[in-house]
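Contents: one structure, followed by commentary.
Readers should treat all values here as calculations from the given coordinates under stated rules, not as data from a laboratory. Computed from a prediction, not measured in an experiment: that's the story for all the values here. Methodologically, a virtual Cβ is constructed for each residue, glycine included, from the backbone with ideal geometry; neighbour enumeration extends over all protein chains shown.
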Amino acid sequence: MALIQSGNLPLGTELKHFELEDPFGVKFGSKQLFGKGGFIIAVMCNHCPYSNAIWKRLETVSEFAKKLDITTVAINPNIHPNYPEDSPSHMRDKIKEMGLTFPYLIDEKQEVAKSLGALCTPDIFLFDAEEKLYYHGRIDDNWRDEKSIKEEDLREAIMLLFSKQEAPHVQHPSQGCSIKWEDTVTG
């Protein structure tokens with residue numbers, strides 16, 4: 001798997017609201033999911049080793065953020081016939097396996113991932129209470145080894161946001177597998 005980095009997006013970019021279904025057929029709208037203090041959107045998938053390495057950490061950070069009225073959602077844009085392990089049925093398995101407490105939604109038309117400017121899985125976005133991009137980057141500084149983490153970038157950004165401080169000046173890009181865009185991947 002080729003390693004790519006997330007794009008460099010301007011802070012302050014407004015969230016384009018969306019409505020997507022989870023793999024059980026339940027619809028969720030970003031306006032309803034958005035927390036009073038902010039909103040984390042994690043572009044994830046099932047097959048990417050980089051995403052798989054951080055699922056549990058994302059759940060832990062999500063639980064921390066929830067106490068600060070910042071909610072989390074994960075979306076999967078890799079609904080593609082060439083990647084059956086990212087199918088909705090496998091998403092149901094991932095939800096159960098990871099014990100996810102936040103919605104994991106199907107971005108079948110890949111419109112949400114495109115509107116966010118997502119490039120890879122994982123790709124993490126934190127929006128402030130005014131629905132503007134506050135943080136875009138990695139969850140922490142070591143995707144491979146949780147025990148070797150020295151910087152918890154997303155958690156630190158959440159604390160700054162909650163404290164009404166400026167966004168982190170240094171925002172390291174996320175890194176992972178490329179999104180499997182429907183119009184660029186062939187059989």
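Once the Cα atoms of helix 49-66 and of the chain are each reduced to a long axis, what angle between those two axes, in degrees from 0 to 90 to the nearest 10, is obtained? That helix lies at roughly 40 degrees to the long axis. In the chain, helical runs assigned H by DSSP with n ≥ 4 each contribute -39500 (n - 2.57); averaged across all residues and rounded to the nearest 500, the mean residue ellipticity at 222 nm is -7500 deg cm²/dmol. Here the chain is scanned for GluC sites (Glu not before Pro) in DSSP loops (not H, G, I, E, B) that have at most 10 other Cβ atoms within 10 Å, and the longest stretch holding none of them is 1-129. Counting neighbouring Cβ atoms within 10 Å and putting the fewest first, the residues W181, W143 line up as W181, W143.
Simple rule: put +1 on each Lys or Arg Cβ and -1 on each Asp or Glu Cβ in the chain, find the dipole, and look at S178, T60, F34; the Cα lying farthest toward the positive end is T60.
Per-residue extension of 0.36 nm, minus the Cα-Cα distance of D183 and E151, leaves a gain of 7.9 nm for this segment. Rounded to the nearest 0.05, what FRET efficiency is calculated for S89 and K56 with R0 set to 25 Å and r the Cβ-Cβ distance? My answer for the efficiency is 0.70. Cross-link reach is defined here as a Cα-Cα straight distance under 19 Å, omitting same-chain residues fewer than 8 places apart; for K94 the lysines meeting it are K27, K56, K180.
Within the chain, the cysteines lacking any other cysteine Cβ closer than 4.7 Å to their own Cβ are C45, C120. Of the trypsin sites (Lys or Arg not before Pro) found in the range 40-87, the ones in coil according to DSSP and having at most 10 other Cβ atoms within 10 Å of their Cβ are K67.
Once the Cα-Cα distance is subtracted from the 0.36 nm per residue extended length, the E14 to M98 segment shows a gain of 27.2 nm. Averaging the sequence gap over all C-alpha pairs within less than 8 Å and six or more residues apart, then dividing by the number of residues, gives the range 14-178 a relative contact order of 27 percent. In the elastic network of the chain, a GNM with C-alpha springs shorter than 10 Å, the most mobile of N52, N78, N142 is N142.
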